[in-house]
Each structure stands twice: as structure tokens, then as C-alpha cells.
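The structure appears below as C-alpha cells.
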Amino acid sequence: ERIGSATSLSSNIINTRLQELVKLFRERTEKVKEKLTDPDVTSDDESPAASPAKPVPAAAPVPPPGGELEGHKLSEDEHCCEMLCCTFKYQPWLDRLKNYEFPSSIDPLTNLMYVLWLFFVVLAWNWNCWLIPVRWAFPYQTPTNIHFWLLMDYICDLIYLLDILIFQTRLQFVQGGDIISDKKAMKEHYLQSQRFKMDVLCLLPLDFFYFKVGVNPLLRFPRCLKYMAFFEFNSRLEAILSRAYVYRVIRTTAYLLYSLHVNSCLYYWASAYEGLGSTAWVYDGEGNSYIRCYYWAVKTLITIGGLPDPKTLFEIIFQLLNYFTGVFAFSVMIGQMRDVVGAATAGQTYYRSCMDSTIKYMNFYKIPKTVQNRVKMWYEYTWHSQGMLDESELLVQLPDKMRLDIAIEVNYNIVSKVALFQGCDRQMIFDMLKRLKSVVYLPNDYVCKKGEIGREMYIIQAGQVQVLGGPDGKTVLVTLKPGSVFGEISLLAAGGGNRRTANVVAQGFANLFILDKKDLNEILVHYPESQNLLRKKAKKMLKTTNKPKEEKAAPGDTLIIPLKADTPKLFQAALAVTGRVGGRGPLSQLHWRLKELKTTQAMQVSLGQSRAKYKAVQEVLNAAVIPRRLACVAQLPSLPGCLCTMPTRFSPILPQSPVHPRLPITSHKAYTPLGEEMFSESSDSLITIHVIPTAREDDEILAAEISEKEEEKEQK
């Protein structure tokens, strides 16, 4: 028994596998046939996505010598060193540093290494700008620490020199619309520029005068002329920062602090010139000299007041110049700070103004509060999710090529997954990406309703939507997630668009891309091959969608009328042979021939009887002498509704004639006055003749009525 059960199990598995293979081969054959008959049709499979770059493998365990993984070989990316009995992995950054080759040309707009180098140059420039005045005014440079000051000075000079020799001579530039990267051309361009002159001027070797006048920090003042590197660093840094306004605020604050710093140095120099503590206006020499002088500079520039009055002419002139400079510098700083903050909050201000205008409009027309709350909710969600109210306003300033690049990065991964557009011209899809519009739907908003004419295609960017159906229209059929597409068939439907078959409602906040049918038609004018392909795919999808689906009752459902059981196949074959089913067996064919022959004979008999009846009517009419024209209406089985007009003569008393079985029997009234109807019938009661008067005196209607026997009805 065990052997038999195992054999049957293996045979079942083999049969199942063979059936799957047959099914796969059959599907493949159908696809090949379809491609051969229609070359434009492509496969429904998605285009293969680009394989992602393989990540750097993590630190793999290194097998000890003699272990189970003794035959394991290390990959080329792993660098190990052996110490004692263990093997350790080390980073190859030293090898990279040794083998690093400096680039022959540098792009100043996109190279982050150049931005990092500018940071060090600006750091050296700030060292000179902030500390040269301090070392000149305050007694912080002494013979004991002179070596430290000189070391930092010459490090800054080395940075200046490297910037001139290595970096500035390798910067690319644009000439006549072309990017020049030739070494000789780049060097000549730098040597002829204004920046080279300023760089040479800031490195004047005035330090040689140290041997004559001593180490005087003022001899290093030309080092502060490298301000062009500072402004270049600002522009490069703002271009790569996502929140550049934060750096602008910090930079403006640094301007204000530096002006106070220079003023404090000048105040200490003036106090030392007049003599420390000589008057009430000068610094008295107590406490931290820099902090006390800085405090005085803040009160002077901001014009707080409460300062002692100057006594000497030098003090009065110094104070007047200080006030004028302070008012001018402080007003400039305040104006610049206002511009920076205004630029940083420009978007928020625009959003607020739009929302306030909309609320004012709704209040003026007394819009219900529920509608106003939904409008406010839309404004808030759109602003917080996108950072703007309309994306098209931002991209309209860009050239067409840049807008296409942005649209490809944002939307191409979603649109490329739509089965309707697979196999179309790639440029056609690029043109279509620029026509997509972003729309935000609130929770429970209807994206489209059942019965509407579909003129748009929807692509879900964020959020979820629900497809509702059922008898009540509230049953959730399916929930579509980001990346799903619906309504694509309506873009190519004929006759103005197909009607929606279900309601689509936003489950929460949903951000959708919409492609209008009009925009797609404008694009397809330039791509006829893609247009034909899309039409074929749309027809195929419509056929698949419109196929009636056989609905089967669930196991737990109770049926009011039970389903009729199917007829067994063997019994169906027997019925087909006997002719009881619509089959074509020998018995059924014989029965059909006999029935056809019987029908033909019955028609011939009926036709003969009809002719005999018609002849009898003619005999009756010829026998009757009627003086006027009568309209004869004869209702015969073979000629129904036949109206015949014949000249007759009318007499109120019918003449005697030989008796015929079909001749009419005279009415009981011998004389019928004008205006009354007269009738008579044959002896066998098969023919009845009526004489009906009309409005005109000269015209009457003669009607012959023929009855049929029950046997003739059965034969028919």
C-alpha cells in the first residue's frame, strides 16, 4: 500500500507539472501568434528597470587558517593585513590618497571640492580681517606669544599661495557659449582677470619691513584684500544649501558684529592716544579691555545714549564721526536684515495673502462654514505638503529642457509602469510628462463619479483612493495605493469619452497627477505610430473589461430558487441521437425531413381550398344583378385584406337562379330601404355577403366574409 500511495503521489505531481508546462507553452504560442499577426502589439510585461548599483559589501568574517572556510577567497575589494594568528581588515583610504590625481580642470559651479577649498580660503581671510585690528589696537601681541601669531600668519599666506598656483589656474570658464577646459587657456584667462591682480596685491611681501620697524600687524593689512574669494564662497554655498536664508541671516549678523568689533578697536586706540583714564570719556583701563570697549561701541552705534560727554577736540571729532558712521551702518544692517527675512518668508507671505483673500471672498458671499473649513484645510495641507500652492508657477520660468528633466525625475517612474503606455515612443512619454497637473483631494472627496464622461487619467502620487460600487454605491471594491493608475482607457475612448462605472473617493489626503484627454490628443498628432498602438491597446482593454463575468454564489449564500443540475454528458449524447436535443443525429435528421414534407402537403391543400372559395365568390357576384358600383372587400386566407372594385347592378329583390351549394340564401327582408345593411349567407354557412351603405347614394360596399373550419386550422 505504501508503494502504491507513493507511486500515485509522484504521478499526481508529474501530471500537475506537465499541465503547468502545457499551459505556459500555450500562452507563449498565443503571444507569438499575436506578434506575428500584429507587429505593433508589444508584450504586457513591464520594461525591466535599471539594476541598482551593488552596495559595498560589509565587513565579512575572515576565516582563520585551518578552519572550515579554509578554501574561501577574499574579494578584491577587501584589504586585510595579517598579524600573529589573526587577520584584520583595514580601509584602503591611504592607498586612494597616494594614488589620487588632482583634476586638470575644475568646474567652479558644481565641484564640491572647490567649495570646500574656498571655505579654507575664507577662514584664512577672516583670520586676517578680525585679528589684525585687535593685534594693532590692543596689547595682545607680546614677545612671548609672537611665534604663535607669526605661525598662523604664514599658514594663511600658504593657503593664499596655493589658491593662486593650484586652484585658480584650473578653473573652467565660458567663452562664446563653450566651456573652456584647456590648461593653457585657463591659465591665461586667470592671469588676465581682475582677481589675479587682487590676489597678487594681497600677497605683497611687506613682512620684510619687520626687520626694520618690528612686527607691526598693520603691515599685513593687504591680506584683507582677498574679499573676492569671500563673495564667491557665499554664492557657491547658497546654491547648494536647501535653506540659504539661514546663512544669509548669519552673514548679515556677522557684518554687524564686525562693524562693532572695528569700532571697539578704534575706541581703545583713541583712549590709548589720549591716555587711559585721563578723562571721563576714555577707557579707564580697568577690567577686560576688549569687553569694555565693545560695550562702548554697541552703545555708540545703536545710539542708546548714557555715555560721558567728550572733553577735548579730538574726542569731540571722534565721537561725531562715530555717531554718523553708526547711524549709517546700523540703518544699512537693518535694511539688509529686513530684505533677508522678507525673502526667506516670501512664500509664507504669499500663502497668507491668498488664504486671506479667499476667506474674505467666501464671507462676502456667505458661503457655509462647512465649505469654508474644507477650503482652509486644502490651503493648509497643500502648503505644508508641497511648500507652494501651484507647482506650475515655479517651473514656468525654466526653459523647456530643464522642465523636462525635472518632470522625468519626478514622474517618469510612475508613468512608465502604466500598461497602456508601454511600447510607445519614449519622446512621446517625455512630452506627456510635461502636461501632468498636480491636484490635492481632501478626505472623502469624489475624484470621479459613476456615470460621468471620463476625460482624464489619474496617477496616485501620495495617499490612497477607494473604488466604491455595489447596489448602494458604498461598498469598497478595491483600495488604490501610490503608483496606481486609473481612468487611462477614457483617454482614447471614442464618442467623447466613456462613462465611469464606479465612484472613486479619496480615503485621506491624496495628491494625484491628472492627464487631460485634450493634451494627449495634441501630443499624439506628432506620433502616429504610438497613436495606432494606443488605440489597439485601448480596444483590447475595453474588450477585456466588458466581458461578462460568471458570478458564482458563495458557499454560505442561500438561493431562493435552486440551480438546475447539469445534464450528464452520456444522457446528452443519447438525446442527441434520438433527436430531442438540438443535435444532428441520424434520427433527428429523418424526423426533420418528415416534418418538412408534411408541412409542404398541408400548404398545397390549403392553397386549393382558397382557390375554390375565391371561384365561388365570383359566381355569387356574377349571379347578382346590382345596378350601382360596389367596392368588394374579399378576405381570403391566401389574399388577406384584398380590396377589389367591380361594376355591378343592384336590385332590392334578388332574381331566382339555379341553386348552388355555395349560393347565398336571400335575407328575410324582401325589401331593404336605403340606409340599412343587408346580408346573406351560403347553404353551408361558409360564405356571408354584406351590403353596406355609404354617405353617397350611388356607392355601396359589398363585403364577402369566408369562415374556416376547425380541421383546416389544425392542419395549419
So the number of lysine pairs in the range 102-240 with alpha-carbon atoms under 22 angstrom apart, 8 or more residues apart or on different chains, is 5
Any trypsin sites (Lys or Arg not before Pro) in the range 204-300 that lie in a DSSP loop and have at most 15 other Cβ atoms within 10 Å would be ARG243
Taking N as the number of residues in the range 243-389, the ratio of its alpha carbon radius of gyration to 2.2 N^0.38 Å works out to 1.73
Extension length gain for THR370 and ASP207 (0.36 nm per residue less Cα distance), in nm, is 50.9 nm
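Would you mind classifying the range 371-521 by shape? Square roots of the alpha carbon gyration tensor eigenvalues, ordered a ≥ b ≥ c; an a/c under 1.5 is rounded, otherwise it is prolate if a/b is larger than b/c and oblate if not. Mind showing how you got there, number by number?
Numbers: a/c = 1.95, a/b = 1.17, b/c = 1.66.
Note, shape of the range 371-521 comes out oblate.
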Amide H contacts under 5 Å for ASN503, restricted to residues at least 5 apart in sequence or on another chain and with H modeled in the peptide plane, are LYS450, LEU468
Carbon plus sulfur, as percent of the 1.4 Å-probe accessible area of the range 315-368, comes to 72 percent
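Going through the range 345-429, which chymotrypsin sites (Phe, Trp or Tyr not before Pro) have at most 15 other Cβ atoms within 10 Å and a DSSP loop state?
Here the sparse-neighbourhood loop sites are TYR365.
If contacts are Cα pairs under 8 angstrom and at least 6 residues apart, what is the relative contact order of the range 102-240 in percent?
Numbers: 116 pairs, mean separation 49.1, N = 139.
Relative contact order for the range 102-240 comes out at 35 percent.
I need the semi-axes of the equivalent ellipsoid of the range 193-253: take the C-alpha gyration tensor, multiply each eigenvalue by 5, square-root it, list largest first in whole angstrom. Let's see the in-between values first.
On the way: eigenvalues 222, 44, 8 Å².
Semi-axes, largest first: 33, 15, 6 Å.
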Surpassing 20 Å at the alpha-carbon level, of the pairs LYS449/LYS540; LYS401/LYS434; LYS449/LYS474; LYS31/LYS539, are LYS449/LYS540
Averaged over all viewing directions, the convex hull of the alpha carbons in the range 102-240 casts a projected area in nm² of 9.6 nm²
Taking only the alpha-carbon atoms of the range 381-447, the convex hull volume per residue, in cubic angstrom, is 109 Å³
Once the dipole of the range 102-240 is set up from charges on Cβ (+1 Lys and Arg, -1 Asp and Glu), the residue from the list LEU237, PHE208, VAL134 lying farthest towards its positive end is PHE208
The FRET efficiency for ARG435 and VAL478, from their Cβ-Cβ distance with R0 = 25 Å and rounded to 0.05, is 0.40
Kirkwood calc, the range 235-304, C-alpha pairs only, radius in angstrom 13.9 Å
Scoring the range 419-542 by relative contact order with C-alpha pairs under 8 Å, at least six apart, yields a percentage of 38 percent
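The values are calculated or read from the model by the stated rules, or taken from the named source; none is laboratory data. Model, not experiment: these values are computed from the prediction. Backbone-built Cβ (ideal geometry, glycine too); neighbour counts: all protein chains shown. What goes into the accessible areas is simple: the full protein's heavy atoms, side chains included, and nothing from ligands, DNA or RNA. Shrake-Rupley method; radii C 1.70, N 1.55, O 1.52, S 1.80 Å.
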